[in-house]
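Worksheet for the structure shown next.
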Amino acid sequence: MTRDIIIIGSGPAGLTAAIYTARANLAPLVIEGEPSSTSDQPGGQLMLTTEVENFPGFPDGIMGPELMMKFREQAARFGAEFLTAKVTKVDFSERPFKVWVRDDLYTADAIIVSTGAQSIMLGLEAEQRLLGHGLSTCATCDGFFFRGHEIAVVGGGDSAMEEALFLTKFATKVTIIHRRDALRASKIMQERAMANERIAFRWNGVVADLVGTDKLEGVVVQDTVTGERETLPVTGLFVAIGHRPNTDLFQGVLDMEDTGYLMTKSGSSYTNVDGVFACGDVQDHTYRQAITAAGSGCMAAIDAERWLEATRHA
């Protein structure tokens, strides 16, 4: 049976697309990923977040996993079907489009890609334990929790400078840890960071370990020149060394930027393949917020619904 629509991915973008397409009687199948995979997590990055305080409608905040469960329940209520599995192959060369989960084939007249992105992490064992407990990848999401704290940011690009500058609104001191003795960031961002009296720099340093069992209590920094180690007594660490979109599946299939983000036509969710749409962090490297992902999921659903309507009455 060829379905009207398959949604690949289930973060705020995919689940919002599921709500809208289900309400349009398109009976979407959401292939939501596998819990064991950090790059393909059902519910997306919010499943790794503790408290979300900036999503409208929750004045007291809400836990990330609970928010995603509410999205999912809402989509299911309108008839969305869920498959907890990882897509292993796609063929978008002709319609109906083909999507494989290992040996099982699913076909659909339209596809919405919402596989998201993942923060590039430091590769330390303690990261899994402390993510959401002092370790964060999003200053906009979590900065408020560090009011009055001394914290650190890892990175040397524009995003690291932006995170550090934003965090000075809350923290008493922000130390930027960078592996070299010069920043990659644009000149204007460097100047802003260096002019801010709350920002300090730890040059030629890499984070070698994290201190703390239930919450972050310090960061072990190793000097890249001397090899010496010191522990910075910070209670927050923000990793800002980049994001990687989950687009390996679509290499050579959909147009993407050099960084791997899917390209969509301006002001829409249309990809280069007619009938395939993309939304959320998989095509957005600017905002990367749950609310913007949800908004683009709505766009993709409406674009897909209108496209299906037009092609069937052509």
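Does at least one position in region 152-167 carry a residue that is part of a strand (DSSP E or B) and surrounded by fewer than 23 Cβ atoms within 10 Å (Cβ to Cβ)?
Narrowing region 152-167 to residues part of a strand (DSSP E or B): 152-154.
Right, trim to surrounded by fewer than 23 Cβ atoms within 10 Å (Cβ to Cβ) and you get none.
No, because not a single residue in region 152-167 is part of a strand (DSSP E or B) and surrounded by fewer than 23 Cβ atoms within 10 Å (Cβ to Cβ).
Look through region 52-66, keep the residues that are modelled with pLDDT under 90 and of a type outside the set (Gly, Ala, Ser), and return whichever of them is nearest to THR292 (Cα to Cα).
Filtering region 52-66 for residues that are modelled with pLDDT under 90 and of a type outside the set (Gly, Ala, Ser), the one nearest to THR292 (Cα to Cα) comes out as ASN54.
Can you tell me which residues in region 248-266 are more than 30 Å from ALA152 (Cβ to Cβ), crowded, with 17+ Cβ neighbours inside 10 Å and touching a residue at least 12 places away in the same chain (Cβ under 8 Å)?
LEU249, PHE250, VAL253, LEU254, LEU262, THR264 - these are the residues of region 248-266 that are more than 30 Å from ALA152 (Cβ to Cβ), crowded, with 17+ Cβ neighbours inside 10 Å and touching a residue at least 12 places away in the same chain (Cβ under 8 Å).
Residues are listed down the side, and each one gets a yes or a no for (1) of a type in the set (S, T, N, Q); (2) in contact with a strand residue (DSSP E or B) (Cβ under 9 Å, 6 or more places away or on another chain); (3) within 26 Å of PHE277 (Cβ to Cβ):
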position: LEU46; (1), (2), (3): no, yes, yes
position: GLU51; (1), (2), (3): no, yes, no
position: LYS70; (1), (2), (3): no, yes, yes
position: PHE78; (1), (2), (3): no, no, yes
position: PRO96; (1), (2), (3): no, yes, yes
position: TRP100; (1), (2), (3): no, yes, yes
position: GLU125; (1), (2), (3): no, yes, no
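Hey, can you tell me all the residues within region 69-90 that are of a type outside the set (A, V, I, L, M, F, W, C) and either under 24 Å from ARG244 (Cβ atoms) or in a helix (DSSP H, G or I) (or both)? Walk me through how you get there before you give the answer.
First, the residues of region 69-90 that are of a type outside the set (A, V, I, L, M, F, W, C): 70, 72-74, 77, 79, 81, 84, 86, 88-89.
Answer for region 69-90, where residues must be of a type outside the set (A, V, I, L, M, F, W, C) and either under 24 Å from ARG244 (Cβ atoms) or in a helix (DSSP H, G or I) (or both): LYS70, ARG72, GLU73, GLN74, ARG77, THR84, LYS86, THR88, LYS89.
Given THR175, THR115, which one is part of a loop (DSSP other than H, G, I, E, B), surrounded by 16 or more Cβ atoms within 10 Å (Cβ to Cβ) and not acidic (Asp, Glu)? Lay out the reasoning, then the answer.
Numbers: THR175 fails: part of a loop (DSSP other than H, G, I, E, B).
That would be THR115, the only listed residue that is part of a loop (DSSP other than H, G, I, E, B), surrounded by 16 or more Cβ atoms within 10 Å (Cβ to Cβ) and not acidic (Asp, Glu).
Can you work out which of the residues in region 25-51 that are buried (at least 23 other Cβ atoms within 10 Å of the Cβ) and in contact with a Phe, Trp or Tyr (Cβ under 7 Å, 6 or more places away or on another chain) is modelled with the highest pLDDT?
Once the filter is applied, the top-ranked residue is VAL30.
Exactly one of these conditions fails for ASP274: (1) under 21 Å from VAL99 (Cβ atoms); (2) touching a residue at least 24 places away in the same chain (Cβ under 8 Å); (3) touching a strand residue (DSSP E or B) at 6+ places or on another chain (Cβ under 9 Å). Give me its number.
It fails just one condition, (3).
Quick grid of which residues meet (1) touching a Lys or Arg at 6+ places or on another chain (Cβ under 6 Å); (2) of a type in the set (Gly, Ala, Ser); (3) more than 21 Å from THR140 (Cα to Cα):
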position	(1), (2), (3)
ALA193	no, yes, no
GLU197	no, no, no
ALA200	no, yes, no
VAL206	yes, no, yes
LEU210	no, no, yes
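With touching a Phe, Trp or Tyr at 6+ places or on another chain (Cβ under 9 Å) and modelled with pLDDT of 95 or more as the only criterion, which of ALA171, ALA139 stands out? Working first, answer last.
Working: ALA139 fails: modelled with pLDDT of 95 or more.
The conditions single out ALA171.
The values are calculated or read from the model by the stated rules, or taken from the named source; none is laboratory data. Not measured: the values here are computed from a predicted model. As a convention, Cβ positions derive from the backbone with ideal geometry for all residues, glycine included, and neighbour counts pool all protein chains shown.
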